[in-house]
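Visitor: I'd like to ask you about the structure that follows.
The values are calculated or read from the model by the stated rules, or taken from the named source; none is laboratory data. The model shown is predicted, which means the values in this text are computed figures rather than measured ones. Cβ sites come from the backbone with ideal geometry, for glycine too, and all protein chains shown count toward neighbours.
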Amino acid sequence: MEVLQHAAKMLVDFSKSQDAAAGDSTTTVVVIAGALLKQCLSLLSHGIHPTVISDSLHKASNKAVDVFTAMAVPLKLSDRKCLIKSASTSLNSKVVSQYSTLLGPLAIDSVVSVVDPEKPDFVDLRDIKIVKKLGGAVDDTEMVKD
């Protein structure tokens, strides 16, 4: 039971880390990590040494980064249409999916408005403040610049 508690704590930590870093895909991170842990348990039960498993996971992680990097499609901040399409696609898996045509452009406009031209590949999402108001509808959402 001790091991399961540590594994559960690790999954919670993964989810929190993913949420802090990207604000999205927390479920995906937990599902993938859980599947990897299940496979690691199987390997351990077959006598594979933990160091071998750890080294193999590290190599697989590096390979995955290489594959995803090769698949990546560069986006320009000036390509608003493509950025909105990407944001709307991401919103399609959320509870607010029916509002993706409203929220997608708002999200892009918000992010683009806080991008530092000196560092266009980095956006500090803490520069965007989201204010929730009781009684309003999603349709009432608007961007307000300071």
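Visitor: Do you know which residues across segment 110-129 are loosely packed, with under 11 Cβ neighbours inside 10 Å and in contact with a helix residue (DSSP H, G or I) (Cβ under 8 Å, 6 or more places away or on another chain)?
Guide: Asp124
Visitor: Anything in segment 86-139 that is free of Cβ contacts under 8 Å to residues at least 12 places away in the same chain, under 17 Å from Ala22 (Cα atoms) and either hydroxyl-bearing (Ser, Thr, Tyr) or in contact with a Phe, Trp or Tyr (Cβ under 8 Å, 6 or more places away or on another chain) (or both)? List them, or say none.
Guide: Hits for segment 86-139 are Ser86, Thr89, Ser93.
Visitor: Filter segment 70-109 down to the residues that are in contact with a helix residue (DSSP H, G or I) (Cβ under 7 Å, 6 or more places away or on another chain) and of a type in the set (D, E, K, R) and list them by number.
Guide: Arg80
Visitor: All but one of (1) surrounded by fewer than 10 Cβ atoms within 10 Å (Cβ to Cβ); (2) at pLDDT 85 or above; (3) under 23 Å from Ala20 (Cα atoms) hold for Leu83, so report the exception by its number.
Guide: Among (1) surrounded by fewer than 10 Cβ atoms within 10 Å (Cβ to Cβ); (2) at pLDDT 85 or above; (3) under 23 Å from Ala20 (Cα atoms), the lone unmet condition for Leu83 is (1).
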